[in-house]
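J.: Got a structure here, written out as structure tokens. Questions coming.
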Amino acid sequence: EGVLYVVATPIGNLDDLSPRAARVLGEVDLIAAEDTRHSARLLRHLGLEVPMMSLHDHNERGRVDQLCQALEAGRRVALVSDAGTPLISDPGFIVVRALRERGFKVVPLPGPCALITALSAAGLPTDRFTFEGFLAHKGGPRQARLAALRDDSATHVLYESPHRIQALLGDIREVLGERRVVLARELTKTFETFLDGTAAELLAQMDADSDQTRGEFVVMIEGAPARDGDEAACVEGDALLQVLFEE
Ligand code: SAM
């Protein structure tokens, strides 16, 4: 029976590849990779030689039929992205949805994911969080999105590239002011760093040390302070309704 395995791969440290992921990558007939040259390095590291096809934002739609045929013929296929968990700010959604709609088996292999890795060590509340992925490149829409998050008490998690990290922090300073921000940089790599402060403080640190602007970033923003009594009021309201129903 054909299967699509959705395989998480390391976000920096190759030792983070799970033994199960390594085994499955060795057993499949085909690997659909965001960038075949990039994933070839991982396969070399594992001592594996497996046929690959590219699957990225620009060809994903066109790959659906091909992958359906492969699974129909009983092939096992692994989907990987350059780093971390496929579909999380990475290609794969169109293929996974199409294969599921057609009744094929899709099996996730859990593993590294930058947002979860960052949240697990940031010291910000994790009971509720929103993942915003990459915000718009343009300042206007980016600020509008930040403004829409202003009253939400959940922790907000964003991805950003080194080219725009300072612009993003500038917008956070402008729109969200004194909020606490935690910046997780180069997770699982040699220069892994967590910076913690207001957006203004983080920008000052980057100005003082340009190394802090290099690499990959997860940006976490503390949620709005929960308004006193909000939750209690909800619980009380529910209890009251219950009593009224019973009456
Ligand atoms: N699929 C990936 C995942 O599971 O996290 C995310 C892919 S997305 C194209 C790449 C972004 O993820 C980077 O711009 C950065 O925001 C974040 N990221 C990936 N690896 C990271 C790392 N080692 N340290 C910090 N952020 C990372």
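J.: Sort through P91, P112 and tell me the only one that's assigned to a loop (DSSP other than H, G, I, E, B) and touching a Pro at 6+ places or on another chain (Cβ under 7 Å).
T.: P112
J.: Moving on to the next point. Can you name the residue in the range 73-90 that is within 9 Å of the ligand (Cβ to nearest atom) and not polar (S, T, N, Q) and is also nearest to the chain's Cα centre (by Cα) among such residues?
T.: Looking at the filtered set, the residue picked out is I88.
J.: Could I ask something else about it? Going by the structure shown, is T155 more than 15 Å from the ligand (Cβ to nearest atom), under 20 Å from G84 (Cα atoms) and within 15 Å of the chain's Cα centre (by Cα)?
T.: No, not satisfied.
J.: Still on this structure, I have one more. Going residue by residue through the range 161-178, is there one that turns out to be part of a loop (DSSP other than H, G, I, E, B), on the phi > 0 side of the Ramachandran plot and surrounded by fewer than 21 Cβ atoms within 10 Å (Cβ to Cβ)?
T.: yes
J.: Now a separate question. Among the residues of the range 93-127, which ones are more than 12 Å from the ligand (Cβ to nearest atom) and either of a type in the set (F, W, Y) or in contact with a helix residue (DSSP H, G or I) (Cβ under 7 Å, 6 or more places away or on another chain) (or both)?
T.: Result: I94, V95, A98, L99, R102, F104, V106, L109, T126.
J.: Continuing with the same structure: Yes or no: T198 surrounded by fewer than 21 Cβ atoms within 10 Å (Cβ to Cβ), among the polar types (S, T, N, Q), closer than 28 Å to S81 by Cα and at pLDDT 95 or above? Spell out how you get there, then give the answer.
T.: Values: surrounded by fewer than 21 Cβ atoms within 10 Å (Cβ to Cβ): yes; among the polar types (S, T, N, Q): yes; closer than 28 Å to S81 by Cα: no; at pLDDT 95 or above: yes.
Considered against the rule, which asks whether it is surrounded by fewer than 21 Cβ atoms within 10 Å (Cβ to Cβ), among the polar types (S, T, N, Q), closer than 28 Å to S81 by Cα and at pLDDT 95 or above, T198 comes out as no.
J.: Against the definition (farther than 23 Å from A118 by Cβ and β-branched (V, I, T)), how does V77 come out, yes or no?
T.: Judged against the criteria, V77 is a match.
For (1) away from the ligand (no atom under 11 Å from the Cβ); (2) of a type in the set (A, V, I, L, M), each residue gets a yes or a no:
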site: R164; (1), (2): no, no
site: R173; (1), (2): yes, no
site: L183; (1), (2): no, yes
site: L187; (1), (2): no, yes
site: T193; (1), (2): no, no
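J.: Test S39 against the stated conditions and say whether it is buried (at least 18 other Cβ atoms within 10 Å of the Cβ), among the hydroxyl-bearing types (S, T, Y) and in contact with a strand residue (DSSP E or B) (Cβ under 8 Å, 6 or more places away or on another chain). Walk me through how you get there before you give the answer.
T.: Details: buried (at least 18 other Cβ atoms within 10 Å of the Cβ): yes; among the hydroxyl-bearing types (S, T, Y): yes; in contact with a strand residue (DSSP E or B) (Cβ under 8 Å, 6 or more places away or on another chain): yes.
Judged against the criteria, S39 is a match.
J.: Let me ask something else about it. Which number in (1) surrounded by 17 or more Cβ atoms within 10 Å (Cβ to Cβ); (2) more than 20 Å from E222 (Cα to Cα) marks the one condition that A122 misses?
T.: Failed condition: (2).
The values are calculated or read from the model by the stated rules, or taken from the named source; none is laboratory data. No experiment lies behind these values; they were computed from the predicted model shown. Counting neighbours? That spans all protein chains shown, and the Cβs are built from the backbone with ideal geometry, glycine included.
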